[in-house]
Amino acid sequence: MAQYNYTPADFKSDQEVRWCPGCGDHAILNAVQRALPEIADATDTPHNLFTFISGIGCSSRFIYYMKTFGFHSVHGRANAVATGVKVANPRLNVWVTTGDGDSLAIGGNHFIHAIRRNVDLNVILFNNEIYGLTKGQYSPTSKLGKITKTSPYGTVEKPFNPGELVIGAKGTFFARSIDMEVQLSKECIVAAAGHKGMSVVEMLQNCVIFNDKTHAAFAADKATRAERTITLRHGEKMLFGANREKGLVFENMRLKVVTVGEGGYTLDDILTHDAHERDTTLHVMLAAMKYPDYPVALGVIRAVEDDAVYDAAVERQVEEVKAASKIRCVDDLLRSGATWEVK
């Protein structure tokens, strides 16, 4: 492991942070800046190789507040631009900061195909269930019936669940955190950086102006989060609750919430989280859990290594073609009977 001895201050730019007071983006920025020194050492990445790419939206101002290389691209195209950056220079540690409107609406195709290709990008998806920068239109993750400027009588379309979308697109890494849980966010970001292939970390983020308290039903405060969310960690029992007395079991092809010590259920009955399981069945179920029927799943839900990493495969193919071209050139010269003198 390298030892660069960076601090969070090394990744803070001199730009004034211009998000609204109370915006969840501040906490996410804090988590990323805390994580990068650890990531630099763990991945042997010097400061000059970190690169942040963004699209359009409040989340996309992120790059201005990072003391790294960056590119503020156009609406919905962050993942496409980031793919080009990574393929052109595979040594770069490339991050994408994007929102639910940016990557799940106009950028939806770029998003799912970057996942399918398993490009070695680290995507932080800010999900506030609204278009904030354009002043409050409903987004692909807005709740059914949500009243906004563009749905004055309530939306009539079911929202995307980003976790289901990522895993359904053959995603190899998906994690979820809440803006207020800075330490958990940091853990997810560090885990994402260590994953080879595309990682997506969904950040459930609060927009205090246009969609305040959208996640409050399960995330309002620590006490609420203890009872209504479950933090998954590989190899650990799926327990939650103020006293970790509740857990998840699998019965009749469905997840079920039980209380340990009641109804005949013991700790042995509680599922153990396996983030590395290649089969997607349980991961999709965990990502899809909604309050009040289930606790909302946080932490690293899926982390599966796959040899097919797009940018590495492109780099390898280019080298193979170049090598084959050199062989063909020499072969053609020999066949032509040409002679040359080595000096």
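The values are calculated or read from the model by the stated rules, or taken from the named source; none is laboratory data. Just so we're clear, the structure is a prediction, and the values are computed from it rather than from any experiment. Heads up, the Cβs are rebuilt from the backbone with ideal geometry, glycines too, and the neighbour counts pull from every protein chain shown. Just the protein is used for accessible areas: all its heavy atoms, side chains included, with ligands, DNA and RNA removed. Shrake-Rupley method; radii C 1.70, N 1.55, O 1.52, S 1.80 Å.
Observations, loosely collected:
- Elements of type helices (runs of 4 or more DSSP H) in region 152-254, at least 3 residues being within 18 Å of A114 (Cα to Cα): 162-168
- Summed over region 218-233, residues that are in contact with a Phe, Trp or Tyr (Cβ under 6 Å, 6 or more places away or on another chain), over 23 Å from A303 (Cβ atoms) and either open to solvent by less than 70 Å² (accessible area, probe 1.4 Å) or among the hydrophobic types (A, V, I, L, M, F, W, C) (or both) total 1.
To keep it simple, each residue is scored yes or no on (1) within 18 Å of the chain's Cα centre (by Cα); (2) over 22 Å from V182 (Cβ atoms); (3) assigned to a helix (DSSP H, G or I); (4) not aromatic (F, W, Y).
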position: A2; (1), (2), (3), (4): no, yes, no, yes
position: E16; (1), (2), (3), (4): no, no, no, yes
position: P21; (1), (2), (3), (4): no, no, no, yes
position: I28; (1), (2), (3), (4): yes, no, yes, yes
position: Q33; (1), (2), (3), (4): yes, no, yes, yes
position: I63; (1), (2), (3), (4): yes, no, yes, yes
position: G76; (1), (2), (3), (4): yes, yes, no, yes
position: T83; (1), (2), (3), (4): yes, yes, yes, yes
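- Candidate set from region 234-243 (those that are farther than 14 Å from D269 by Cα and surrounded by 13 or more Cβ atoms within 10 Å (Cβ to Cβ)); member that is farthest from the chain's Cα centre (by Cα): G241
- Top-ranked residue of region 5-52 - restricted to ones that are in contact (Cβ under 8 Å) with a residue 60 or more places away in the chain and acidic (D, E), ranked as nearest to T98 (Cα to Cα): D25
- Residue pairs whose Cβ atoms lie under 9 Å apart, separated by 6 or more positions or on different chains, with the first residue in region 80-104 and closer than 15 Å to K196 by Cβ and the second basic (K, R) and in a helix (DSSP H, G or I), are L92/K86; V94/K86.
- The residues in region 35-61 that are open to solvent by less than 20 Å² (accessible area, probe 1.4 Å), within 15 Å of V190 (Cα to Cα) and assigned to a helix (DSSP H, G or I) can be counted, and the count is 5.
- Residues in region 228-245 that are within 23 Å of L204 (Cα to Cα) and either polar (S, T, N, Q) or free of Cβ contacts under 8 Å to residues at least 24 places away in the same chain (or both): T229, T231, G241, A242, R244.
- Residue in region 281-303 that is within 29 Å of the chain's Cα centre (by Cα), at pLDDT below 95 and part of a helix (DSSP H, G or I) present: no
- Selection status of S199, in contact with a Cys (Cβ under 8 Å, 6 or more places away or on another chain) and either open to solvent by less than 70 Å² (accessible area, probe 1.4 Å) or β-branched (V, I, T) (or both): no
- Residue check for T97: in contact with an Asp or Glu (Cβ under 7 Å, 6 or more places away or on another chain) and not hydrophobic (A, V, I, L, M, F, W, C): no
- Pairs meeting the criteria (first residue in region 115-135 and under 19 Å from I63 (Cα atoms), second residue among the aromatic types (F, W, Y) and open to solvent by 10 Å² or more (accessible area, probe 1.4 Å), beta carbons under 6 Å, at least 6 apart or on different chains) are G132/F210.
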